[in-house]
Amino acid sequence: MERKSIRVQNYPGTLKSLDLSCNQFSGTFPEEITDLVGLIALNLSRSNLTGHISPKIGQLKSLDFLDLSRNKFFGEILSSLAQLNRLGVMDLSYNNLSGRIPSGTQLQGFNASVYLGNRELCGLPLPNKCPGEEPPQGPVITRGIEDASIPEEDDQIITLGFYVSMIVGFIAAFWIVCGTLMLNSPWRYAYFSFLTGVKYWFYVMTAVNIAKLKRRPRN
């Protein structure tokens, strides 16, 4: 079967949509398409196109829909593709693209399925990391263990100091009160008189309440 290539003539600037999908086109990305600056939708999927995606694709500023899936494009995704600020739908799946997806651009905002089937691609939104992005495991784990043990040691010191201070404070307060009463006779006499008065007050109040309850008429 004879393979066909895409040849684009001088289309008027009013051309808004170009769908050449599901053909047996071969060759590289047609540079002439990038002159159709009025394009809103471009579909070149499901063919045998190969080579690099043209860096001039960034000239299609009005492009909202781009489907280059299921071809044989290879190489890196150029930053010129990120210049398509209006691009809302894109599909680059099942090609042979490689390298890092341009970071800090809207290209990282698409779903990972957009890049499915390109085994050599890396970076967000794909789960596989690019070389050099893996953090060193050894030092991080060691520091994490050391940092985690510091708060526990501090908590043990604080807890021990708290209990020691409570015991010392209790002993000091006990001997201040008891020592004062033992050495000062008038204070000791007044303290015990106060306790005796409190005891008699509770006794009298209890006896009065019991007497009132006994005098209450029964139904």
The ³J(HN,Hα) series, computed from each phi in segment 99-110 with the Karplus coefficients 6.51, -1.76 and 1.60 at θ = phi - 60°, rounded to the nearest Hz and given as x for glycine or proline, is x, 8, 5, x, 7, x, 10, 5, 5, 7, x, 6
Excluding residues fewer than 8 positions from K72 in its own chain, the lysines with Cα under 17 Å of it are K4
Residues whose built amide H sits under 5 Å from the amide H of L49, excluding neighbours closer than 5 in sequence, are K72
Put I171, I176 in order of accessible area, largest first, probe 1.4 Å, and you get I176, I171
With R₀ set to 30 angstrom, the calculated FRET efficiency between the beta-carbons of Q24 and K129, to the nearest 0.05, is 0.20
Highest mean packing first, using Cβ neighbours within 10 angstrom, the peptides 95-108, 199-212 sort as 95-108, 199-212
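Give the ranking of M166, M90 by solvent-accessible surface, highest area first, calculated with a 1.4 Å probe.
M166, M90
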Computed about the Cα centre, the charge dipole of segment 9-105 from +1 Lys/Arg and -1 Asp/Glu charges at the Cβ has a magnitude in debye, to the nearest 20, of 140
At q = 0.26, 0.28 Å⁻¹, the log10 of I(q)/I(0) for segment 88-128 from a Debye sum over equal Cα scatterers comes to -0.88, -1.02
In segment 48-107 the accessible area split gives carbon plus sulfur, as whole percent at 1.4 Å, a share of 48
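The values are calculated or read from the model by the stated rules, or taken from the named source; none is laboratory data. The structure presented is a predicted model; accordingly, all values stated were derived computationally and were not measured. In this analysis, Cβ positions are derived from the backbone assuming ideal geometry, glycine residues included, and neighbour counts consider all displayed protein chains. Areas reflect the complete protein model, heavy atoms only, side chains present, ligands, DNA and RNA absent. Shrake-Rupley method; radii C 1.70, N 1.55, O 1.52, S 1.80 Å.
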